[in-house]
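Let me begin by presenting the structure, written as structure tokens, before commenting on it.
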Amino acid sequence: KILVVGSSNTDMVIKADKLPAPGETVLGGTFFMNPGGKGANQAVAAARLGGNVTFVAKVGNDIFGQQALAQFQQEGININYITVDAEQPSGVALINVNAKGENCIAVAPGANGQLMPTDLAAALDSVAADTIVLLQLEIPLTTVEYVIRKSYEKNVRVILNPAPAQILPPALFPLLYLITPNETEAELLTGIRVTDPATAQKAANKLQSLGVANIIITLGAKGAWLHTSSWLGLIPAPQVTATDTTAAGDCFNGALAVALAENQYLAEAVAFACKAAAVSVTRLGAQASLPKRAEV
Ligand code: ADP
């Protein structure tokens, strides 16, 4: 089983020739509305790949929240522990994209910012030792800390995807089974600039010395650096033609959780995650790009 605790957003995207400057109105372009949020993306990724997924999140009492819930249900995700906030709206991201594919994004976390430890107690009580807990950083840090501590007490393995990049309390590191930063996040956590396997090894060493049991640093098209107490090395990504790398990291983390819940070895699990993420980058969109098991 997999328990994902995290954010759910609705992405509203306008793709036009240029990005609007302050005070400017840009007319023309096309509008898309997509489900998003790192928590939701990772939950959907894991469910499509065959994971038994429970998603814990908070949405607003509005049409976006209702749509998100319906979508999760369609994916076969257990939504029993998703709560509805009475006051805050659902999380929304407003995204402008220009012809070159550059973007400008404003996110209002809304209900995601109200996901509190009290909202999680029941879900965590239900967790058994063979569950994999998967977390990101788009919900309050106090809630992330609570989940990590509770899971550690119960001997449950936690994967922390430390995204978006944020400084973390050092006391959390020894409680993690696995941390999965990308290059930018690894640099923020370690102070080491990560651009290739050699620098990833240095950053992973640092994270290991801070107490993290296992470290995976994702390196985009290069693949992922895996660092455990008994094995370290690069697991290369399959070579593909990338069209849109949005949610590559989310796909990677969801897939990783699925493989670990199936008791695959870490190196096997990383190879599986690299394959799943490689499929996702060949397709447009976030959740729309996430593959089913047979496609991997
Ligand atoms: P994020 O999306 O969080 O920035 P990365 O860019 O490191 O993270 O991508 C996560 C994973 O997705 C990589 O470890 C790799 O397995 C896969 N991936 C990303 N970009 C590509 C690509 N161009 N070709 C193949 N795999 C990719």
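In the set Pro162, Pro170, only one residue is free of Cβ contacts under 8 Å to residues at least 60 places away in the same chain, under 27 Å from Ala40 (Cα atoms) and in contact with a strand residue (DSSP E or B) (Cβ under 7 Å, 6 or more places away or on another chain); that residue is Pro162.
Condition first: free of Cβ contacts under 8 Å to residues at least 12 places away in the same chain and either in contact with a helix residue (DSSP H, G or I) (Cβ under 8 Å, 6 or more places away or on another chain) or among the hydrophobic types (A, V, I, L, M, F, W, C) (or both). Can you find one or more residues in segment 107-116 that meet it? No, there is no match, as no residue in segment 107-116 is free of Cβ contacts under 8 Å to residues at least 12 places away in the same chain and either in contact with a helix residue (DSSP H, G or I) (Cβ under 8 Å, 6 or more places away or on another chain) or among the hydrophobic types (A, V, I, L, M, F, W, C) (or both).
In the set Val258, Val194, which member is within 14 Å of the ligand (Cβ to nearest atom) and either among the β-branched types (Val, Ile, Thr) or at pLDDT 95 or above (or both)? Unique residue meeting the criteria: Val194. Output yes when any residue across segment 50-66 is closer than 30 Å to Lys275 by Cβ, in contact with an Asp or Glu (Cβ under 6 Å, 6 or more places away or on another chain) and part of a loop (DSSP other than H, G, I, E, B), and no when none is. No, segment 50-66 has no match at all.
Taken together, Ala40, Ala70 contain a single residue that is buried (at least 23 other Cβ atoms within 10 Å of the Cβ) and within 21 Å of the chain's Cα centre (by Cα), which is Ala40. Can you find even one residue in segment 282-293 that is near the ligand (Cβ under 10 Å from one of its atoms) and at pLDDT below 95? Yes, because at least one residue in segment 282-293 is near the ligand (Cβ under 10 Å from one of its atoms) and at pLDDT below 95.
In segment 207-245, the residue that is surrounded by the most Cβ atoms within 10 Å (Cβ to Cβ) out of those that are more than 14 Å from the ligand (Cβ to nearest atom) and assigned to a loop (DSSP other than H, G, I, E, B) is Val212. Looking at segment 141-159 only, could you name the residues that are outside any helix (DSSP H, G or I), free of Cβ contacts under 8 Å to residues at least 60 places away in the same chain and within 16 Å of the chain's Cα centre (by Cα)? Val158 - this is the single residue of segment 141-159 that is outside any helix (DSSP H, G or I), free of Cβ contacts under 8 Å to residues at least 60 places away in the same chain and within 16 Å of the chain's Cα centre (by Cα).
The values are calculated or read from the model by the stated rules, or taken from the named source; none is laboratory data. Since we're looking at a predicted model, the values are computed, not measured. Don't worry about glycine lacking a Cβ; one is built from the backbone with ideal geometry, like all the others, and counts go over all protein chains shown.
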